[in-house]
Amino acid sequence: MINKVIVLGGGSAGFMTAMALKAKVRGIEVVVIRAKEIGVIGVGESSTFPLTRYLHQYIGVSLKKFYEIARPTWKLGLKFIWGPRPYFHYPFGPGLESRVDFLRRNIGQYCDEGIEYATPLTAMMTHDKAFERDPKTGGPILHNFIAYHIDNPKYVAFLEQYALAALGVNVMDDTVVEVKQDEKGITGLILKSGKTETADLYVDCSGFRSELLGKALAEPYISFKSSLICDRAVTGAWPRGADEPTKPYTTCETMDCGWCWQIEHEDWVNRGYVYSSDFISDEEAEREFRAKNPKVGPTRIVRFTSGRYRTLWVKNVVAIGNAGGFVEPLESTGLGAIAVESGLLADLLNDTDRQIRPQQVAAFNRATASIWDSFRSFIAIHYKYNTRLSTPFWIHCQEKTDLAGAAELMEFYAENGPSPLWEKLLLGPLDQFGMTGYLALLVGQNVPYRHRYVPEDHELRAWQAHCERNKQRALKAMTVDEALRAVHSPKWEWAAKKGLSPLELSQLR
């Protein structure tokens with residue numbers, strides 16, 4: 001019987017897990033132990049839709065309170081400066097798998113020449129727009145096809161406040177100096193204050209340190225290096241200038257030995273170069289990074305290893321977030337992984353009335369392994385098929401990248417192209433990317449396939465008219481900065497959502 005849970009770590013993973021447990025599991029006691037001297041990441045973060053769903057649907061966080069404290073900006077998807085096209089977009093809404101009434105195939109099969117206006121969302125992103133205007137109020141018509149760019153300290157401050165005030169989570173500011181254990185698992189945490197804290201279940205949210213799962217229980221670690229060779233990032237930022245509009249996407253730009261992100265915040269721009277130390281030194285990476293970004297201020301080097309622990313639930317310890325696995329940040333998977341993992345744990349405890357049996361633990365471990373392995377294979381596709389540069393790094397990626405679980409999928413695509421049928425045949429139920437992600441990436445990179453569909457002339461005319469309509473709607477829409485001014489105005493009202501926005505309706509047609 002799980003009556004008390006200790007969550008070790010007071011960052012995003014720790015508080016999100018504590019919130020999920022308290023919100024969904026009746027009668028459970030949750031204590032977060034955090035070491036103030038360790039602090040939080042302290043950088044800008046980019047999220048995906050699972051975080052949005054976790055916050056506002058699963059937990060029920062109000063938009064008003066979240067926007068007041070966390071101060072996010074909106075992210076409609078990712079912009080890739082990648083592959084042979086000048087750029088392409090991966091939107092967080094219906095994408096190239098979608099059908100429209102006047103075309104015989106899904107729209108991914110009409111994008112050989114151009115992809116910018118294929119959907120309303122990609123058109124918005126092409127023109128750096130976020131929302132359509134309300135003709136009555138002039139404000140933004142908000143839709144649900146969003147994730148967030150978030151300043152990590154502000155985000156963690158919001159989580160802490162919500163966890164304590166709304167959900168009754170207990171927080172202890174202390175440091176673990178010794179972990180007691182026996183053959184059944186952890187028996188207690190000895191703290192710097194002299195106290196010993198015990199629980200029925202321990203959730204390791206200690207980040208890369210993995211104090212309980214990795215260090216105390218010595219669970220084996222599975223490296224993803226054969227698929228994801230990058231292992232470092234140089235990061236920096238600068239204050240946003242008056243001539244720098246806030247963009248509604250995370251930018252991913254090809255570099256000589258990796259890629260560069262750009263994350264958008266109201267008052268500053270966060271940039272980082274992810275690279276492989278096998279191909280470039282830290283000093284050389286910094287020079288290339290600064291040449292690309294002359295406005296950047298002080299920088300720091302972050303070292304990481306892509307991979308996961310063999311199992312995330314061992315004895316009476318469960319690891320959530322970076323304590324259980326990490327993949328390089330190309331698809332902003334970190335916060336989404338925490339959202340899904342913490343939700344799985346809370347749902348499992350709720351459905352079993354807090355009485356955990358071996359079958360549930362085994363199922364949890366299969367599910368979380370599947371999540372991390374899908375991250376690995378999806379990101380590997382980015383490297384295997386990016387033909388933009390022919391540097392030694394990119395030649396290595398094209399020739400040597402292990403596609404892992406994506407090999408069968410790529411064989412199917414090489415034969416059939418952007419057919420939507422393979423979503424049912426090949427994608428697992430916990431794959432966070434779905435057809436939208438895979439087709440955005442494969443069609444966007446012009447990955448070749450054999451059996452191409454040749455549209456008739458009337459279809460091409462209809463397709464061009466469809467793209468022009470999307471373009472005109474985007475040109476009339478609001479920028480992120482305009483929408484932010486509106487929602488932070490004292491006159492703005494976070495009314496309950498009624499029905500679908502015009503953009504959402506058009507995506508369903």
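Selection of segment 194-211 for residues being under 20 Å from Leu349 (Cα atoms) and either of a type outside the set (Val, Ile, Thr) or more than 23 Å from the chain's Cα centre (by Cα) (or both) yields Thr198, Ala199, Asp200, Leu201, Tyr202, Asp204, Cys205. Quick check: is even one residue across segment 116-132 part of a strand (DSSP E or B), in contact with a helix residue (DSSP H, G or I) (Cβ under 8 Å, 6 or more places away or on another chain) and crowded, with 21+ Cβ neighbours inside 10 Å? For segment 116-132, residues part of a strand (DSSP E or B), in contact with a helix residue (DSSP H, G or I) (Cβ under 8 Å, 6 or more places away or on another chain) and crowded, with 21+ Cβ neighbours inside 10 Å: present. Do you know which residues across segment 153-204 are among the basic types (Lys, Arg) and under 30 Å from Tyr67 (Cβ atoms)? The answer is Lys154, and nothing else. Restricted to segment 355-396, and to residues there that are of a type in the set (Val, Ile, Thr) and not in a helix (DSSP H, G or I), the residue that is least open to solvent (accessible area, probe 1.4 Å) is Thr391.
Just wondering, is there one or more residues in segment 447-456 that are of a type in the set (Val, Ile, Thr) and free of Cβ contacts under 8 Å to residues at least 24 places away in the same chain? Yes - at least one qualifying residue is present in segment 447-456. With respect to being touching a strand residue (DSSP E or B) at 6+ places or on another chain (Cβ under 8 Å), within 30 Å of Thr17 (Cβ to Cβ) and buried (at least 22 other Cβ atoms within 10 Å of the Cβ), His143 fits the description. Among the residues of segment 187-210, those identified as among the hydrophobic types (A, V, I, L, M, F, W, C) and outside any helix (DSSP H, G or I) are Leu189, Ile190, Leu191, Ala199, Leu201, Val203, Cys205. Once segment 315-332 is narrowed to residues that are polar (S, T, N, Q) and at pLDDT 95 or above, the residue that is nearest to Asp200 (Cα to Cα) is Asn316. Scanning segment 226-254 for residues that are buried (at least 17 other Cβ atoms within 10 Å of the Cβ) and assigned to a loop (DSSP other than H, G, I, E, B) returns Ser227, Leu228, Ile229, Cys230, Asp231, Arg240, Thr246, Lys247, Pro248, Tyr249. If you filter segment 402-456 down to residues that are under 21 Å from Ser47 (Cα atoms) and of a type in the set (A, V, I, L, M, F, W, C), you find that the one that is most open to solvent (accessible area, probe 1.4 Å) is Leu430. Looking across segment 257-268 at every residue that is more than 18 Å from the chain's Cα centre (by Cα) and part of a strand (DSSP E or B), the one that is farthest from Leu484 (Cα to Cα) is identified as Gly258.
The values are calculated or read from the model by the stated rules, or taken from the named source; none is laboratory data. Please read these numbers as outputs of a predicted model, since none were measured by experiment. Please note: Cβ atoms are built from the backbone with ideal geometry, for glycine as well, and neighbour counts cover all protein chains shown. Protein only, heavy atoms only, side chains kept; ligands, DNA and RNA dropped before computing areas. Shrake-Rupley method; radii C 1.70, N 1.55, O 1.52, S 1.80 Å.
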